[in-house]
Amino acid sequence: MKPERLIDSTVAPDGGELFLYERDGVFSLRIGGIELMTSRAHASEEELAWRAIKLVRRTRRPRVLVGGLGMGYTLRAALDSSPRPVEVVVAELLPAVVRWNRDHLGALAGYPIDDPRVTIVERDIAELIADSPQGFDVILNDVDNGPNGCSLAINERLYRADGLAAIRRSLRPGGVLGVWCAEPDTGFERAIAAAGFRVHAETVYSRGVPKGPQHALFIGQLP
């Protein structure tokens, strides 16, 4: 087996350092020793987009917000979903992650950021949500590991009651919230319901086959 290769790194606003590694064509993103994502396991991110967007009923041309670019898998799944989005806005806090998706990581998901329907905003998703009242039909929160495992402190507010209330205000009537988490969390499921969503939670396999790691998906819909 080839040794792992450090491709690049960048510093997050809270001072944490995000690293991009590669070994035998497999890429991984890590911060503080925690693996945020690997190109070997992305089925759960794709399921997040497919399951959330298919619930849209009030328009055949939904406007979607993806929180966190990652390796582009959630974005690709959103673009390929039905109903077909008219626009997908991606909020990515770290400019380096956008750059990596233009070169090192782009081919993994078929260069989704080059799709003309995509708008990349290098900004904190919480700020973008606050500035976008009824701006989206679907919001996909894939920025971190979940309410109990945030690798960046700045992301914690997205999982709190005030963050969920802001998300609700940013969604149109009948809008859908999809949240990816590293593990199930019944307390977070209740918090989504308390924010006014009909919520469904389930675990899915991260590699698309019925074995190996599983992750939790929370899908909430407004009336």
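Bear in mind that the values in this text are calculations on the coordinates, not laboratory data. Just so it is clear, the model here is predicted, and its values are computed rather than measured. When we count neighbours, we look across all protein chains shown, and the Cβ atoms used for this are built from the backbone with ideal geometry, even at glycine.
Worth a mention:
- By the count of neighbouring beta-carbon atoms within 10 Å, fewest first, ASP124, ASP114, ASP8, ASP142 end up ordered ASP114, ASP8, ASP124, ASP142.
- Local electrostatic count at PRO147 - Lys and Arg +1, Asp and Glu -1, tallied over other residues with Cβ under 12 Å: -2
- R0 of 41 Å, Cβ-Cβ distance ASP14-ALA193: FRET efficiency to nearest 0.05: 0.85
- Simple spin-label estimate for ALA165 and ARG23 gives 4.6 nm between the two label positions (7 Å along the Cα-to-Cβ direction from each Cα).
- Every pair of different Cα atoms in the chain enters the Kirkwood calculation, which places the hydrodynamic radius at 17.3 Å.
- Counting neighbouring beta carbons within 10 Å and listing from fewest to most, the residues TRP50, TRP180 come out as TRP50, TRP180.
- Mean separation of Cα pairs under 8 Å and 6 or more residues apart, divided by the residue count, gives the chain a relative contact order of 19 percent.
- With contributions of -39500 (n - 2.57) from each DSSP H run of at least four residues, the per-residue ellipticity at 222 nm computed over the chain stands at -6500 deg cm²/dmol.
- Calculated FRET value between LYS2 and HIS200, using beta carbons and R₀ = 45 Å, to 0.05: 0.60
- Estimated FRET transfer efficiency when R0 is 25 angstrom, pair GLN134-ASP114 (beta carbons, to 0.05): 0.30
- Most simply put, the range 40-221 has about 45% antiparallel DSSP beta bridges, counting only bridges with both residues inside it.
- Computed about the Cα centre, the dipole magnitude for the chain is approximately 940 debye when only Lys and Arg (+1) and Asp and Glu (-1) carry charge, each at its Cβ.
- Footprinting exposure proxy ranking of MET71, MET37, MET1, fewest other C-beta atoms within 10 angstrom first, gives MET1, MET37, MET71.
- C-alpha center-to-center spacing [the range 6-41, the range 198-223] in angstrom: 23 Å
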